[in-house]
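Participant: Handing you this structure, nothing more for now.
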Amino acid sequence: MSGDLAARIDLAAIIRDVFQDAHPWMKQAEYDEMFGGEQVLDDCAEEIIAAGFHRNRTITTAEELDALGDGAVIHAVHTGDVWQKCDCGEWVPIGVDDSEDAEWINETSGPFTILHEGARDE
């Protein structure tokens, strides 16, 4: 299952749970008739994801760092450092004029939470 499909399924389930919690007296058939059933929930989730919503995810390897797009921003979980991937493929710590490759920052600062996916988001 692709990440986008899994995210859409998870988000649709969250939306469904919120609606059902707000209307606990409704039977499933009434709920489906009023809110349009699973397809409407799936469409809502797809639109929210297309608008840029995503859950933060943690990466732990240099290969995952390399796969992020130019402009990606990551937060080092243990050190608190924030790094941005420049168009040369190296990583620059925010506020410092130095860069390092993915292998080095993974070994010294990982794991990382992705704050922005980079060029893939644009």
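Nothing in this text is a laboratory measurement; each read-out follows from the coordinates by a stated rule. Keep in mind that what you see is a predicted model, and the values were worked out from it rather than measured. Methodologically, a virtual Cβ is constructed for each residue, glycine included, from the backbone with ideal geometry; neighbour enumeration extends over all protein chains shown.
Participant: Between (i) 2, 10, 19, 19, 15, 12, 10, 7, 4, 1, 0; (ii) 2, 11, 18, 16, 12, 10, 9, 8, 7, 5, 3, 1, 0; (iii) 2, 12, 22, 26, 23, 12, 3, 0, which matches P(r) over Cα pairs in 5 Å bins from 0, in percent calculated for the structure shown?
Facilitator: Correct label is (ii).
Participant: Still on this structure, please answer the following. Could you give the length gained on full extension between Cys86 and Glu47, defined as 0.36 nm per residue of separation minus the Cα-Cα distance, in nm?
Facilitator: Residue separation times 0.36 nm, minus the Cα-Cα distance, leaves 11.1 nm.
Participant: Taking 7 Å along the Cα-to-C-beta vector as the label spot, tell me the Ala13-Glu63 distance in nanometres, rounded to one decimal.
Facilitator: 2.7
Participant: Which peptide among 36-43, 67-74, 5-12 comes first, and what is the full order, when sorted by highest mean count of other Cβ atoms within 10 Å?
Facilitator: Details: 36-43: 14.1, 67-74: 18.2, 5-12: 15.8.
The most tightly packed comes first, giving 67-74, 5-12, 36-43.
Participant: Taking Cα centroids, how far is region 76-93 from region 12-69 in Å?
Facilitator: Centre-to-centre (Cα) distance: 30 Å.
Participant: Would you work out which of Cys86, Cys44, Ala22 lies farthest towards the positive end of the dipole of the chain, given +1 charges on the beta-carbon of Lys and Arg and -1 on that of Asp and Glu, about the Cα centre?
Facilitator: So the residue furthest toward the plus end is Ala22.
Participant: Given a Förster distance of 25 Å, report the FRET efficiency between Val77 and Asp101 from their Cβ-Cβ distance, rounded to the nearest 0.05.
Facilitator: Using R0 = 25 Å, I get an efficiency of 0.85.
Participant: Taking the Cα centre of region 3-50 as origin, sum charge times position over the Cβ atoms of Lys and Arg (+1) and Asp and Glu (-1), and report the length of that vector in debye to the nearest 20.
Facilitator: Dipole magnitude for region 3-50 comes out near 140 debye.
Participant: Using a Förster radius of 22 Å, what is the FRET efficiency between Met34 and Asp4 based on their Cβ-Cβ separation? Nearest 0.05, please.
Facilitator: FRET efficiency, Met34 to Asp4: 0.20.
Participant: Over region 58-121, calculate the relative contact order: mean separation of alpha carbon pairs under 8 Å at least 6 apart, over the residue count, as a percent. Could you put the intermediate results ahead of the total?
Facilitator: Values: 127 pairs, mean separation 29.3, N = 64.
Across region 58-121, relative contact order equals 46 percent.
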